[in-house]
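Novice: Got a structure here, written out as structure tokens. Questions coming.
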Amino acid sequence: MRKTPRIGIMGGTFDPVHFGHLVTAEEALVQFNLDKVVFMPTGRPVRKTHRHVSSAEDRYLMTVIATASNPDFEVSRLEIDRPGDTYTVDTMLQLREIYGPRSELFFISGADAVREILTWKDAGRFAELCTFIAATRPGFDADLDSLEPVQGAVAPHLEAMEVPALAISSSDIRSRVSGRRPVRYLLPEAVAAYIEKNGLYREPVV
Ligand code: NAP
């Protein structure tokens with residue numbers, strides 16, 4: 001690895017992980033010249049009280065299965081093994097220790113998260129620790145100007161990246177599984193098999 005490693009951190013619930021996430025990570029790897037992308041399934045998401053979230057272990061295993069064939073992708077247990085609610089700033093501080101003070105960290109997540117970032121725990125400190133790569137779905141206004149209020153507060157650490165494959169969404173997949181509709185070609189076959197084998201998402205989506 002370079003003296004100044006450039007590490008992408010793909011933060012998300014991954015319930016379940018799908019091709020949109022994988023394409024996003026690959027795109028970020030190339031566009032931002034990263035050494036690798038570390039998928040970071042959230043442990044106990046702080047804002048997911050309105051719906052059932054699959055166990056951390058299920059979400060972790062699905063992410064491992066989905067990324068296994070890509071040598072540039074890793075999956076971390078940092079957040080799922082850390083007790084208590086998951087705050088991204090804590091993760092960034094841990095990663096800074098692991099990769100050293102010269103490392104450059106790039107937090108990759110959905111653009112929706114950017115709009116909430118100022119309400120996150122220690123948002124200012126988080127912004128100092130990494131660049132935020134906001135992945136947008138088609139139709140989402142990817143223009144950085146539209147994120148201006150956020151950009152102003154956390155500049156210069158915000159980048160937008162449009163990813164057409166993000167038309168795929170975890171919530172749509174959960175609703176398809178519960179409605180017995182096909183999910184083939186939306187996520188890796190082995191992940192679909194894991195969902196089927198473990199009976200995930202069978203209950204109707206609320
Ligand atoms: P979410 O509400 O599940 O997702 C928001 C949107 O972004 C959804 O459309 C989602 O699509 C998409 N998305 C999520 N992760 C993505 C990724 N890595 N790449 C591309 N699109 C992605 O958000 P979340 O997953 O709970 O949270 C996102 C990240 O922000 C997590 O790492 C979480 O820990 C962090 N976060 C931190 C705090 C805090 O520190 N206080 C608070 C909230 C969130 P899919 O549903 O298809 O994934």
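Novice: Testing the spin-label approximation: label points 7 Å from Cα along Cα→Cβ at Arg47 and Asn33. State their distance in nm.
Specialist: A separation of 3.2 nm, rounded to one decimal place.
Novice: Please compute the length gained on full extension between Ser55 and Glu26, using 0.36 nm multiplied by the number of residues separating them and subtracting their Cα-Cα distance. The partial results should precede the final answer.
Specialist: Values: separation 29, 0.36 × 29 = 10.44 nm, distance 2.58 nm.
Taking Ser55 through Glu26 to full extension adds about 7.9 nm, to one decimal.
Novice: In nm, give the distance between the simple-model label positions of Asp85 and Ala68, each being 7 Å from the Cα along the Cα-to-Cβ direction.
Specialist: Between Asp85 and Ala68, the simple spin-label model gives 3.6 nm.
Novice: Helix by helix through the chain, keep the DSSP H runs that span 15 Å or more along the axis on Cα and average at least 0.0 on Kyte-Doolittle, and give those back in order.
Specialist: What comes out of the filter, once short or polar helices are dropped, is 19-31, 56-67, 88-99.
Novice: Right, here's the next one. Rounded to a whole number, what is D in µm²/s for region 28-84 from Stokes-Einstein with the Kirkwood radius over alpha-carbon pairs (10 °C, 1.306 mPa s)?
Specialist: 126 µm²/s
Novice: Please work out the FRET efficiency for the pair Arg181 and Lys3, using the Cβ-Cβ distance as r and a Förster radius of 30 Å; give the result to the nearest 0.05.
Specialist: Numbers: r = 50 Å, r/R0 = 1.65.
Approximately 0.05, to the nearest 0.05.
Novice: Tell me, what is the FRET efficiency for Glu128 and Ala193 to the nearest 0.05, using R0 = 35 angstrom and their Cβ-Cβ distance as r?
Specialist: E between Glu128 and Ala193, to the nearest 0.05, is 0.25.
Novice: Round to the nearest 0.05 the FRET efficiency obtained for Phe19 and Gln94 when R0 = 30 Å and r is the Cβ-Cβ distance.
Specialist: Efficiency computed from Cβ-Cβ geometry: 0.55.
Novice: What whole-number distance in Å separates the alpha-carbon centres of region 87-114 and region 24-39?
Specialist: 14 Å
Novice: To continue, here is another question. Of all alpha-carbon pairs in region 70-125, indicate the percentage at a distance above 15 angstrom. Intermediate results must be reported in sequence, preceding the final value.
Specialist: Details: 913 of 1540 pairs.
That fraction is 59 percent.
Novice: Still on this model: What is the ratio of the Cα radius of gyration of the chain to 2.2 N^0.38 Å, where N is its residue count, to two decimals?
Specialist: Ratio of Cα Rg to 2.2 N^0.38 Å: 0.99.
Novice: Below 14 angstrom from the Cβ of Pro71, what's the summed charge of the other residues (Lys, Arg +1; Asp, Glu -1)?
Specialist: Overall, the nearby charge balance is -3.
Novice: For the chain, set up a GNM with springs between Cα atoms under 10 Å and report which of Ser69, Ser109, Ser54 has the largest fluctuation.
Specialist: Ranking Ser69, Ser109, Ser54 by mean-square fluctuation puts Ser69 first.
Rule-based calculations on the coordinates, nothing more; no lab input. Bear in mind that the values here come from a model prediction, so they are computed numbers and not experimental data. Cβ coordinates were reconstructed from backbone atoms using ideal geometry, including for glycine residues, and neighbour counts include every protein chain displayed.
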